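A.B. asks: Have a look at the structure that comes next, please.
The values are calculated or read from the model by the stated rules, or taken from the named source; none is laboratory data. A quick note: this is a predicted structure, and the numbers were derived from the prediction, not measured. Every residue, glycine as well, gets a Cβ built from its backbone with ideal geometry; the counts of neighbours run over all protein chains shown.
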Amino acid sequence: GAGVSQTPSNKVTEKGKYVELRCDPISGHTALYWYRQSLGQGPEFLIYFQGTGAADDSGLPNDRFFAVRPEGSVSTLKIQRTERGDSAVYLCASSLLAGDTDTQYFGPGTRLTVL
Amino acid sequence: GESVGLHLPTLSVQEGDNSIINCAYSNSASDYFIWYKQESGKGPQFIIDIRSNMDKRQGQRVTVLLNKTVKHLSLQIAATQPGDSAVYFCAEDTGRRALTFGSGTRLQVQP
């Protein structure tokens, strides 16, 4: 079946610009997660949605970062006034949110480069 | 595509040998642990998981061992194949569902 998809696969922007990154989770998955991965490091948690609402946004680094999931499926991560330090791979994951163990399945990521 | 983990610890093994990748986790409150495999240019791929009420779990060619006393997790891969070459991450969850990932280990399989 189809996995998690993310668009675009690559995004190059200039410092100060606004960007939107999109995530399509696995069909039927209630939970959706955003992570950020810098070169040479493991992914770092940003935000987690349960349905349409953000259940935990404690990983968002500052108020330039915002994410939405208006219909409980597709999610958009929005970054305002981008900075060079925002350059990273942004990963999306989804899970069924059922049972004691809840496997998160990741998409291929969007590589963001801020010039 | 860009390589994941350019400066990671590297484990180099011969094809057919067994591999053991280790991970020290930080939070004693973590109750769920997962191993992911990440190939260059791709997202992390689930391999195997284990809950804190277990100390061993086996899958196909993989085994995860959990030692809660010393907060240590290991991934054993039997009969390592060239396709196993990747960066491996352990991740822990305290129940918040916000996974905390380790720094990763690069596995290189020599033919």
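A.B. asks: Pull up the stretch B:94-111, narrow it to residues that are more than 13 Å from the chain's Cα centre (by Cα) and not polar (S, T, N, Q), then point me to the one that is nearest to A:Leu46 (Cα to Cα).
C.D. replies: In this case the residue turns out to be B:Ala98.
A.B. asks: Also, I was wondering about something else. Which is modelled with pLDDT under 95 and of a type in the set (Val, Ile, Thr), of A:Thr103, A:Thr113, A:Thr13?
C.D. replies: Working: A:Thr113 fails: modelled with pLDDT under 95; A:Thr13 fails: modelled with pLDDT under 95.
Going through A:Thr103, A:Thr113, A:Thr13 in turn, the sole match is A:Thr103.
A.B. asks: In the stretch A:57-94, what count of residues is obtained for those that are within 11 Å of chain B (Cβ to nearest Cβ) and farther than 15 Å from A:Ile47 by Cβ?
C.D. replies: Residues flagged as within 11 Å of chain B (Cβ to nearest Cβ) and farther than 15 Å from A:Ile47 by Cβ within the stretch A:57-94 amount to 1.
A.B. asks: Let me ask something else about it. Is at least one residue of the stretch A:96-109 more than 7 Å from chain B (Cβ to nearest Cβ) and either in a strand (DSSP E or B) or within 13 Å of the chain's Cα centre (by Cα) (or both)?
C.D. replies: There is no residue in the stretch A:96-109 that is more than 7 Å from chain B (Cβ to nearest Cβ) and either in a strand (DSSP E or B) or within 13 Å of the chain's Cα centre (by Cα) (or both).
A.B. asks: Sticking with this one: Tell me which residues, restricted to the stretch B:49-93, are under 11 Å from the mean Cα position of the chain (by Cα) and more than 20 Å from A:Phe45 (Cα to Cα).
C.D. replies: Correct list: B:Val62, B:Thr63, B:Val64, B:Leu65, B:Leu73, B:Ser74, B:Leu75, B:Gln76, B:Ile77, B:Ala86.
A.B. asks: Another one. Condition first: closer than 30 Å to A:Ala54 by Cα, of a type in the set (Val, Ile, Thr) and more than 8 Å from chain A (Cβ to nearest Cβ). Can you find one or more residues in the stretch B:24-37 that meet it?
C.D. replies: Taking every residue of the stretch B:24-37 in turn, none turns out to be closer than 30 Å to A:Ala54 by Cα, of a type in the set (Val, Ile, Thr) and more than 8 Å from chain A (Cβ to nearest Cβ).
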